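One structure below.
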Amino acid sequence: MKKTKVDHYTDKEALEFHSHKKPGKIEISSSKNMTTKRDLALAYSPGVAAPVRAISENPEAAFDYTSKGNLVAVISNGSAILGMGNLGALASKPVMEGKAVLFKRFADIDSIDLEIDSSDPNEIINSIKNFAPSFGGINLEDIAAPDCFIIEDKLKEILDIPVFHDDQHGTAIITTAALINALDISKKKIDEVKIVVNGAGASAMACTNLFKKSGVPQKNITMVDRTGVIFRGRENLNQWKSSHAIDTKDRSLNDAIKDADVFLGLSAKGALTKDMVKKMSKNPIIFACANPDPEITPEEIEEVRNDAIIATGRSDYPNQVNNLIGFPYIFRGALDIRAKTINDEMKIAAAHAIANLAKESVPDEVVAAMGGERPYYGKDYIIPSTFDPRLISVIPAAVAKAAMDTGVARIKINDFEVYKDQLKQRLDPTVTIMQGVNSYIKKKQKRVVFADGEDENMLKAAIAFKKSKLGIPILVGKEELIKNQIKKIGFNENFDIEIVNSKDKVKRDKYVKYLFKKLQREKGMLEWDCDRLVRNDRVIWASCMVACEDADAMVTGNTRRYSSSLEKIIKVVDPRQGEIMFGLNLIVNRGKTIFLCDTSVIEYPDAKQLAEMAKSAARVVRLFGFDPKIAFLSHSTFGEPATDRTKRLSDAVEILKKDNVDFKFDGEMQPDVALEEVYKELYPFSEIVGSSNVLIMPSQHSAAISYKMIKSMSRAKVIGPLLVGLGQPIEIAPLRSSTSDIINLASIAAYSADVIQYKKN
């Protein structure tokens, strides 16, 4: 079983992440514009009176007129926080905020974390009961057993919205999905297998219950706690453990494991030994899910037998039992049909949907997101990846249908294919894009120069790049200053990262020779001029490293204006032959991805330059997995009103028509015509109206103004500008870029170094 390294971070980095800009990980934003007096009147007084009356007359109307239908309360008392124990309600808040972030990121569900400072189950129940009308669902988290059982059972009894304790049922659903496929692969029947569950906490209980609901006979499951086997007649068993007691002579895990088909561990490191594994049946199924360290490692299992199907709770092994595969999508489906509860049928439907997805052929975009290796259904692939974008369309649909079939849905879905398409549109594609890029470059391990090595954000980006195994970073700067900065940000000053500068005489002489050969005739520069540039300018030095093949790619900027960095780079590196150079920004907002150019290079492009931009943009967009639909933007649409400034754009369109390019394009048009489907009726002759994803701006001014306004004033995610058409894979980070922005550009530079054919010097 192949093991991969997991990213690690310092406590200081984690604290800085949580405190950066706004403390915490969530915020509340308005879904309605509040710009005019009329807007305020509609939103509050007197307009708000209308939905108040409607809800008073019909409580179900709250789903129509408030956020209730897409709002989940994430609740904890902090009595069982991750693996850290009872640290109190307030200490659980970072975890609950994180849960809220996951709800939003993976299923577009709004959620509010509520930490209840009480250890009294009845007090917690009453608190939730009283504020529950505000929510469409309740997600319980990190509440210790047996209180979590008491709280959930009572709330399900008194509330008419889904109540879901993820520690229990999320684990149970994913584990059941894994069991379904593991049994299929090992040719074993669910009603015949012997299962041993080691652990008797909330998740172990839930897994066992769902196994039974899925067809495993009670007598076939042996549960083991710290004392030993839970058998009928054992003293001091609570009501929950008693329900899993069976008639057996086994008294220990070592007894119970003999000839067992399945081991499920939700206990502690080292609980299962190699000798125990030897005793199991042919083709054993071993789910060692203790965190952070499993009951037994896959390596230890493989030392004693090669026929086991293995899953763990960890991301550095195949078959990770991760609740993230389940809870966002289960709630998504439940909310969409306004379910009154999440019943066993819905859980089982989710488990089967997950299991079936792992059996399907994996499409290319999923391969990219999963590291570039195509997984195939089998021992090392029984559970889909957490980043599989198909989860959003598969699981909610299965859950919603089960809810409708069992009569707990308030509304019905008439067309599930339409519903699945709607679900797909909810995901933020930027994450998938960068996941694919990063997964690809992890296998290539390109050498990327971070030219401004002494800058704190650039340094943090380089360290994160290395620790994430995205490639090999090289820092340019004074070694002493960089080491002091490394120490300042929380790492050992001797952190293993390469630092280079002009003290390296061999490289310096090489770069001076290269630069002098290039610039002596081109710019009339003398050798000592070139020596001065190489010695004193980090951007020049880093560019020479790439040009002379001492590095594969480069990222710079952040400490100086974009134009200043570009001016230095083009002294060293020429544009790609036959291509135009321009800036291209990738912008994602509300699930829509667009590419905007030229944001950085050509002030006022002519028709030919605009056409060439479109050709190069189409090539780049395809590298990111998009089918280019290119719109030339203007203040006019298809010649109305016609002005001298629009002619360049219409001429560019004519040039592309004559060149018979292999992508869709049109123009000139206004941006709303390019992006909004409502205009399709007005311009039926155009294939891209309302669906454009590449916007060619009429000038650098309008492009730069547009993307910076979007970045500053909206919630859009902006990556770039990407420097297209340069002769080497070099990216420039805008002034004061964040660490994550720099990492994205470094990743794209590394990606370009492998997928684009650059001229060798």
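The values are calculated or read from the model by the stated rules, or taken from the named source; none is laboratory data. Quantities reported herein were computed from a predicted structural model and do not represent experimental measurements. Here the Cβ positions follow ideal geometry from the backbone for every residue, glycine too, while neighbour counts run over all protein chains shown.
Here are some notes:
- Flag if ILE719 is out of contact with any Phe, Trp or Tyr (no Cβ under 7 Å at 6 or more places or on another chain), among the β-branched types (Val, Ile, Thr) and not in a helix (DSSP H, G or I): yes
- Screening TYR329 on (1) touching a Leu at 6+ places or on another chain (Cβ under 6 Å); (2) more than 13 Å from ILE174 (Cβ to Cβ); (3) assigned to a helix (DSSP H, G or I) shows it passes everything except condition (2).
- Within region 33-47, considering residues that are farther than 15 Å from TYR65 by Cα and surrounded by 10 or more Cβ atoms within 10 Å (Cβ to Cβ), the one farthest from the chain's Cα centre (by Cα): ALA41
- Candidates are the residues of region 576-621 that are among the charged types (D, E, K, R), within 24 Å of ARG715 (Cα to Cα) and out of contact with any Pro (no Cβ under 7 Å at 6 or more places or on another chain); the one that is modelled with the lowest pLDDT is ARG590.
- Tallying residues that are in contact (Cβ under 8 Å) with a residue 24 or more places away in the chain and either on the phi > 0 side of the Ramachandran plot or crowded, with 17+ Cβ neighbours inside 10 Å (or both) within region 529-543 yields 9.
- Subset of region 548-564 (residues that are surrounded by fewer than 24 Cβ atoms within 10 Å (Cβ to Cβ) and at pLDDT 90 or above): CYS548, GLU549, ASP550
- Subset of region 66-86 (residues that are closer than 12 Å to SER118 by Cα and surrounded by fewer than 20 Cβ atoms within 10 Å (Cβ to Cβ)): ASN86
- Number of residues in region 216-235 that are part of a loop (DSSP other than H, G, I, E, B), within 39 Å of the chain's Cα centre (by Cα) and among the aliphatic types (A, V, I, L, M) equals 1.
- Failed item, numbered, when ASP142 is tested on (1) on the phi < 0 side of the Ramachandran plot; (2) part of a loop (DSSP other than H, G, I, E, B): (1)
- Residues of region 298-348 that are under 14 Å from LEU391 (Cβ atoms) and not polar (S, T, N, Q): LEU324, ILE325, GLY326, PHE327, PRO328, TYR329, ILE330, PHE331, ARG332, GLY333.
- Within region 370-384, not a single residue is assigned to a helix (DSSP H, G or I), at pLDDT 90 or above, in contact with a helix residue (DSSP H, G or I) (Cβ under 6 Å, 6 or more places away or on another chain) and surrounded by 17 or more Cβ atoms within 10 Å (Cβ to Cβ).
- Of the numbered criteria (1) under 16 Å from PHE387 (Cα atoms); (2) hydrophobic (A, V, I, L, M, F, W, C); (3) modelled with pLDDT under 95, the one CYS289 fails is (1).
- For GLN728, the conditions (1) crowded, with 24+ Cβ neighbours inside 10 Å; (2) part of a helix (DSSP H, G or I) all hold with the exception of (2).
- Residue check for ILE161: in contact with a helix residue (DSSP H, G or I) (Cβ under 8 Å, 6 or more places away or on another chain) and in a helix (DSSP H, G or I): no
- Test result for ILE594, assigned by TED's automatic domain parsing to the domain that holds HIS701 and surrounded by fewer than 24 Cβ atoms within 10 Å (Cβ to Cβ): yes
- Residue within region 194-215 that is in a loop (DSSP other than H, G, I, E, B), free of Cβ contacts under 8 Å to residues at least 24 places away in the same chain and basic (Lys, Arg) present: no
- Subset of region 403-423 (residues that are within 17 Å of TYR329 (Cβ to Cβ) and acidic (Asp, Glu)): ASP421
- Among the residues listed as GLU687, GLU681, the single one being in contact with a strand residue (DSSP E or B) (Cβ under 9 Å, 6 or more places away or on another chain), in a loop (DSSP other than H, G, I, E, B) and not β-branched (Val, Ile, Thr): GLU687
- Residue in region 34-55 that is assigned by TED's automatic domain parsing to the domain that holds LEU15, of a type in the set (D, E, K, R) and within 20 Å of ASP108 (Cβ to Cβ) present: no
- Those helices (runs of 4 or more DSSP H) lying entirely in region 238-321 with at least 3 residues in contact (Cβ under 8 Å) with a residue 40 or more places away in the chain, of a type outside the set (Phe, Trp, Tyr) and over 30 Å from ILE150 (Cβ atoms): 298-304
- Selection over region 87-101 of residues that are surrounded by 18 or more Cβ atoms within 10 Å (Cβ to Cβ) and either among the hydrophobic types (A, V, I, L, M, F, W, C) or touching a helix residue (DSSP H, G or I) at 6+ places or on another chain (Cβ under 7 Å) (or both) gives a count of 4.
- Note on region 698-716: among residues that are in a loop (DSSP other than H, G, I, E, B) and not small (Gly, Ala, Ser), the one that is nearest to LEU735 (Cα to Cα) is ARG715.
- Meets criteria (in a helix (DSSP H, G or I) and either in the same structural domain as ASP550 (by TED's automatic domain parsing) or among the small types (Gly, Ala, Ser) (or both)) for SER740: yes
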